[in-house]
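Before any comments, here is the structure.
The values are calculated or read from the model by the stated rules, or taken from the named source; none is laboratory data. Just so we're clear, the structure is a prediction, and the values are computed from it rather than from any experiment. As a convention, Cβ positions derive from the backbone with ideal geometry for all residues, glycine included, and neighbour counts pool all protein chains shown. Protein only, heavy atoms only, side chains kept; ligands, DNA and RNA dropped before computing areas. Shrake-Rupley method; radii C 1.70, N 1.55, O 1.52, S 1.80 Å.
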Amino acid sequence: MNILLLGSGGREHAIAASIAKSTQCDKLYIAPGNAGTTACGTNVDLKADDFKGIGKFVLDNDIKMVVVGPEAPLVGGIADYFADDEHLKSVAVIGPMAKGAQLEGSKDFAKQFMQRHEIPTAAYKTFTKETLKEGQKFLSTLKAPYVLKADGLAAGKGVLIIDNLKEAKQALKEMLAEAKFGDASSRVVIEQYLSGIELSVFVLTDGKHYKILPSAKDYKRIGEGDTGLNTGGMGSVSPVGFADKVFMQKVEHEIVMPTVKGLQKEGINYKGFIFLGLMAVRGDDGALNPYVIEYNVRMGDPETESVFPRIKSDIVELFQACWDGTLNQCTLDIDERVAACVMLTAEGYPESYRKGDVISGLDEVKESLVFHAGTKLNKVNDLTTNGGRVLCVTTLSDSLPSALLKSLQAAENIKWKGRYYRHDIGQDLLKMSIEQ
Ligand code: AMP
Ligand code: GLY
C-alpha cells in the first residue's frame, strides 16, 4: 500500500526508515520530510496543518495509511477530518482524534483523566485568571520547588520549576494575568514536585489492546551534566537499565492498563501512540515506583531514534493491526541490543542558531545509523544544516558503553562549522548500574 508520513524531524526519519523496510509498503511519501527522508521515500511539500491539501494528496495518490509524527495536527483534529470525510474515512490514520489528543493538548484534561482512573501522578490543582489569588495562596501551602504548567501546548516551554515562593507567585501572575504563554497559559496546573529519575515508555494501542515498546531515556539540557537550557533533546538511550521487569510490570498494571481502559470507558476511540513521560520515585521500601509526569500522543524525539531501530517486527503490519483493532494478534519482536543516540546540533542552539553550513564526514560512518533532523540540500546539492537539531547518530551494540562509544566516534567524524554534541549521554545510567 502507499503510505504518507507527516513530519520533518529525526523522529520522522527513524519512522520512515522502519516503514520503508516493510514488505507492506509500496510507495512512502513524507510531508514535508528532510534531506534524510529522501532515502526512504518521496518528500512532499505539504504543511501538517493543511488538512485539505493532505486529504487531496491522499486521494490523488491512492494512499491507504497516514502516520502522524508530531502532536500539533493531532490536537488540531486531523484524524477527525479524515473520519468525517466520506472519501477519506477508510484511510488508516495512526494517531488519535482531537478528543484523545487532549491527553497532550491539555495538562488539566490529562490530570483529571489520571485522577478519574487512579493513575499515579503528582497531586495538583488548576487555576485561571479569576482564581489567581487562590493559586498564589495554594503555592504558599506547598514546599519548594514549585511546579507551574501552562495547560495548553507551548512548544515544550510551558513548564516552570521555581525554587523561590515569591518568584513562583510572580510567575503564576505572569502566566494567568499577562498571558506569558498566550492562550496556553489561560489555565495553569500547579503540582507537587516529584523527585526521581525520568524515563519514557511508549505504547501502541488500537483502543482495546496495546503493545508496550522498549523504554528510553532522553537528555533534555544542552550542557553536559544536565546543565543549561532545555532543548528538544540531545540524545537518548534504550532500554533504560533500571526499568527492569518488576518496574515495567508496575508501569503496565498501574499506568498502561488503566489508561487504555479509561479511554475506552470514556468512549475515546484511540488508535496510535501513547508516550508516557514517567518519573521513577523511590518508595520507603527502596523500590522504584512510576508516576506519570505527562502524556504525549505521539512518539518522542529523540527517543524514537533509539527505540525504532530496535523494533524487529514489521511496523506497517503493527500499524494496520492498530487500525483494524487486532493488535492482540500481533507479536512485537525487539532487538535485545542497546541503542544509544547522540544528537548533533548547530552553533547557538537552543537559542538562535546558524543555518546553511555544509556537512561533511557522513561517508565515514560505517557502524552507526544517521537520522536527519534539520538538514537540507543546497542549490549545488551539498548537505547543509537547516535546523537547531541537525543529525542524530544511533548505534546498536551488545552493551551500553560500546553503543555510546561508537555513536560518539561517529559524531566526532561528522563535521560542520560550530557543530556541537554532548559527550555524556547515558553516563548517569552507567553510574547507576555500577552503584546498584
Ligand atoms: P512536562 O512538559 O510536563 O513533561 O514537564 C517538563 C519537565 O519538567 C519534565 O520533563 C520534568 O523534568 C519536569 N517536571 C514536570 N513535572 C514535574 C513534577 N511534578 N516534579 C518534578 N519535575 C517535573
Ligand atoms: N523527547 C521528548 C519529547 O519528544 O517530547
Residue list for the range 180-211, filter: within 15 Å of ligand 1 (Cβ to nearest atom), within 22 Å of Ala101 (Cβ to Cβ) and not hydrophobic (A, V, I, L, M, F, W, C): Ser185, Arg187, Glu191, Ser200
Name the helices (runs of 4 or more DSSP H) wholly within the range 245-314 that hold at least 3 residues that are within 21 Å of Cys330 (Cβ to Cβ), more than 16 Å from ligand 2 (Cβ to nearest atom) and out of contact with any Pro (no Cβ under 7 Å at 6 or more places or on another chain)? 257-265
I'd like to check something: does the range 395-413 contain any residue that is closer than 25 Å to Asn43 by Cβ and touching a helix residue (DSSP H, G or I) at 6+ places or on another chain (Cβ under 6 Å)? no
Residue match in the range 196-217 (condition: basic (Lys, Arg) and within 14 Å of ligand 2 (Cβ to nearest atom)): yes
Taking the range 276-321 and the residues there that are within 16 Å of ligand 1 (Cβ to nearest atom) and among the basic types (Lys, Arg), the one that is nearest to Gly196 (Cα to Cα) would be Arg282
Which of (1) open to solvent by 10 Å² or more (accessible area, probe 1.4 Å); (2) more than 16 Å from ligand 1 (Cβ to nearest atom); (3) assigned to a strand (DSSP E or B) does Lys217 not meet, given it meets every other one? (2)
Looking at Leu229 and the list (1) over 23 Å from Lys111 (Cα atoms); (2) without any contact (Cβ under 8 Å) to a residue 60 or more places away in the chain; (3) open to solvent by 40 Å² or more (accessible area, probe 1.4 Å), which single condition is not satisfied? (2)
When Ala123 is run through (1) away from ligand 2 (no atom under 16 Å from the Cβ); (2) within 30 Å of Leu429 (Cβ to Cβ); (3) open to solvent by less than 20 Å² (accessible area, probe 1.4 Å), the failure sits at (3)
Here the qualifying pairs (Cβ atoms under 6 Å; residues six or more apart or on different chains; first in the range 45-60 and more than 13 Å from Asp85 (Cβ to Cβ) and small (Gly, Ala, Ser); second part of a loop (DSSP other than H, G, I, E, B) and open to solvent by less than 40 Å² (accessible area, probe 1.4 Å)) come out as Gly53/Leu46
Considering the range 175-208 alone, what residues qualify as being more than 19 Å from Gly156 (Cα to Cα), in a loop (DSSP other than H, G, I, E, B) and either touching an Asp or Glu at 6+ places or on another chain (Cβ under 7 Å) or open to solvent by less than 50 Å² (accessible area, probe 1.4 Å) (or both)? Gly196, Asp206, Gly207
Total residues in the range 129-142, condition open to solvent by less than 40 Å² (accessible area, probe 1.4 Å) and outside any helix (DSSP H, G or I): 0
Scope the range 416-436; condition surrounded by 16 or more Cβ atoms within 10 Å (Cβ to Cβ), closer than 30 Å to Asn386 by Cα and of a type outside the set (Ser, Thr, Tyr); matching residues: Trp416, Arg419, Arg422, Asp424, Ile425, Gly426, Gln427
Single match in Ala243, Ala177 (criterion: modelled with pLDDT under 95 and more than 15 Å from ligand 1 (Cβ to nearest atom)): Ala177
Only one of Val316, Val380, Val281 that is more than 16 Å from the chain's Cα centre (by Cα), in contact (Cβ under 8 Å) with a residue 40 or more places away in the chain and open to solvent by 10 Å² or more (accessible area, probe 1.4 Å): Val281
What residue, among those in the range 220-234 that are assigned to a loop (DSSP other than H, G, I, E, B) and among the small types (Gly, Ala, Ser), is nearest to ligand 2 (Cβ to nearest atom)? Gly233
Quick one: in the range 155-167, which of the residues that are near ligand 1 (Cβ under 9 Å from one of its atoms), farther than 16 Å from Lys111 by Cβ and among the aliphatic types (A, V, I, L, M) is least open to solvent (accessible area, probe 1.4 Å)? Leu160
Contact list, first residue from the range 237-253 and under 22 Å from Ile425 (Cβ atoms), second anywhere and exposed (fewer than 13 other Cβ atoms within 10 Å of the Cβ), beta-carbon distance below 7 Å, six or more apart or interchain, is Gly241/Ser433
Of the residues Phe51, Phe57, only one is more than 24 Å from the chain's Cα centre (by Cα), at pLDDT 95 or above and over 25 Å from Asn378 (Cα atoms); which? Phe57
